[in-house]
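Below is one structure, written out as structure tokens; the observations come after it.
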């Protein structure tokens, strides 16, 4: 079975950002899906009693000009205006807040913290300044400090939707899913048009495997902003997780119509085409992803996997070679290339790749399994058993591993490695884990009973195996059934003597 790696933010192989990170959206901006949200302080600043000085008035005007530049994304020009505002009035808390907000947008969080600390010194317990300082802490990955500021902001303003959104994001980053969901719920309650709350709640539902709920939230966000490609992209990912590949492809199509240079949308659409066994379309999308992002490791790996499925082995190996050159410390790349060598019966090359995968990640269960299979095919059964046993220790709930050890103990052509009693024990465990419905496990159990000398049981289980098997495999299972009826065990000869 071809395993296509779904490219997702935060995963090991997610080498392309799904969206530009940033801070500084306001409630009126509705929030953006992938960023913490800051705010201009103007809405909550009350004018001082009595007339203000001409310098203070000019400072306010400069601050307003700076705010407009910040909203337009002209951050350097905005900072010049805030500097002028503070030259005219060093006590202008609004200017400190807004300059801090702008530093956040530029991802210069230490400078933002200096300004926001001063804004809060001048106007203690200001909810918006507290929220903006929390954004700075979030940018520095200090979610604990962000939550402290957001708690304070919400104690001042219990209906502050952006603060709930940012606290939910911080809680989610600390793996506090329930608290995060509650905060996103509150953000939506106080501002039903806050797009970021729907999107982040959708992401959390998706991470929790609640794909229908995720799709509902992404759809709500899409209704509020039908021109945001990231919302289509996120919903496409959820459809893909549900196995609804046509709907996923439709959303990736919409993503690419709005943003034709979004490499990860081509990549994920390629995965969807691969899952539909539309290999040429998958390759075309991986090609497009790599044109836009030549360093995308997962695109080389998955394109190689698709070439392998098309039996174009030279192209498959070439892509995995590229992946290894790009990421020489990525165990997955070595493991997948090893699998390709294994399928082409080049056992020594396969084993060398599995060796490197295990060296890089000594707990890489699959590498032990496949290396064990390579040793088994070479007839080196002691090494095969050693690898299968190591893998079983790492993953004791693996049906495949219980079955693999049982098969070797039951059918090995070398007497020293056969053990009928142990084979029955391991095969029974594999059958229990698959609720006695997996053909391969039942086939192994029959072989185990045959090795143990209980041919009546062997015939019983092999008959069930044959009856459950797909039509194209029944003849193979019948051959073994005939052996057991003749009171002969089955022997699995190695594929290679090299």
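Bear in mind these aren't lab numbers, they're just calculated from the coordinates by the rules spelled out. Bear in mind the structure is a predicted one, so any value in this text is a computation, not a measurement. When we count neighbours, we look across all protein chains shown, and the Cβ atoms used for this are built from the backbone with ideal geometry, even at glycine.
Couple of notes before you dig in:
- For the chain, the longest principal axis of the Cα atoms and the long axis of helix 439-451 meet at an angle of about 40 degrees.
- Considering all C-alpha pairs of the range 318-400, those separated by over 21 Å amount to 24%.
- Between the range 245-270 and the range 275-328, the C-alpha centres lie 17 angstrom from each other.
- Kirkwood Rh in Å, taken over the range 397-485 so that all alpha-carbon pairs contribute: 12.5
- Amide N of the range 328-367 lying under 14 Å from the label point, which is placed 7 angstrom from the Cα of residue 495 along Cα→Cβ: 338-351
- C-alpha long axis of helix 177-190 to longest principal axis of the chain, angle in °: 40
- Anisotropy class of the range 192-260 from Cα gyration tensor, a/c 1.5 cut: oblate
- Gyration tensor (alpha-carbon) shape descriptor, the range 300-347, a/c threshold 1.5: oblate
- For the peptides 119-126, 95-102, the ranking by packing is 95-102, 119-126, with the highest mean count of neighbouring Cβ atoms within 10 Å listed first.
- Cα point-scatterer Debye curve for the range 153-286, base-10 log of I(q)/I(0) at q = 0.17, 0.18 Å⁻¹: -0.86, -0.93
- The range 210-338 - convex hull of alpha carbons, volume per residue in Å³: 103
- The orientation-averaged projection of the convex hull spanning the C-alpha atoms of the range 279-419 amounts to 8.9 square nanometres.
- Label of the coordinate-derived value, volume of the Cα convex hull per residue in Å³, listed as [x] 162; [y] 340; [z] 138: [x]
- When peptides 382-394, 263-275 are ranked by their average number of other Cβ atoms within 10 Å per residue, the highest-first order is 263-275, 382-394.
- Gyration tensor verdict on the range 111-184 (Cα atoms; rounded if a/c is under 1.5, prolate if a/b is larger than b/c, oblate otherwise): oblate
- If you take the alpha carbon atoms of the range 436-475 and fit the smallest convex hull around them, that volume is 58 Å³ per residue.
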